[in-house]
Amino acid sequence: MQWTADTVRTEVIRILQAFNPNSIELTPETSLTGDLGLDSLGAMNLVMELEEQFDVEIPLNLLPDVHTLQDLVETVSARLNED
């Protein structure tokens, strides 16, 4: 599949729904820890799902810079564009 900015965002949001127990509205500013309550185990599970879906590797050293949904979309997009 050819990933565009819109399809990456749509797919990241779809995957994040499993980590959104309170069904809050996901916006680019949604905080992964503050709004979704994602802890380190949840973050690892999320990264594994993203890696599988997008067929990319997301190094753990990038995660401290990922705070929002938009950060996550940008990180995935950057990894896709490295190929």
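The values are calculated or read from the model by the stated rules, or taken from the named source; none is laboratory data. All values reported here derive from a predicted model rather than from experimental measurement. Quick note on the areas: whole protein, heavy atoms, side chains included, nothing else; ligands and nucleic acids left out. Shrake-Rupley method; radii C 1.70, N 1.55, O 1.52, S 1.80 Å.
Key figures for this structure:
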item	result
Amide H contacts under 5 Å for Thr68, placed H, 5+ residues apart	Leu32
Option label - Cα Rg over 2.2 N^0.38 Å computed here, alternatives [x] 2.13; [y] 0.99; [z] 1.44	[y]
Ranked order, Glu52, Glu11 - accessible area, probe 1.4 Å, largest first	Glu52, Glu11
Average accessible area per residue (Å²) across the chain - probe 1.4 Å, nucleic acids and ligands excluded	62 Å²
In Å², nearest 10: area of Leu62 left accessible to a 1.4 Å probe	60 Å²
Accessible surface of the chain [probe 1.4 Å, protein heavy atoms]: carbon and sulfur percent	49 percent
Where Glu51, Glu57 fall by accessible area, highest first, once all protein chains stay in place (1.4 Å)	Glu57, Glu51
Whole-Hz couplings from phi, Karplus 6.51/-1.76/1.60, listed for region 30-37; x for Gly and Pro	4, 7, 5, 8, x, 8, 9, x
Value of relative contact order over the chain, rounded to a whole percent, pairs C-alpha under 8 Å and six or more apart	38 percent
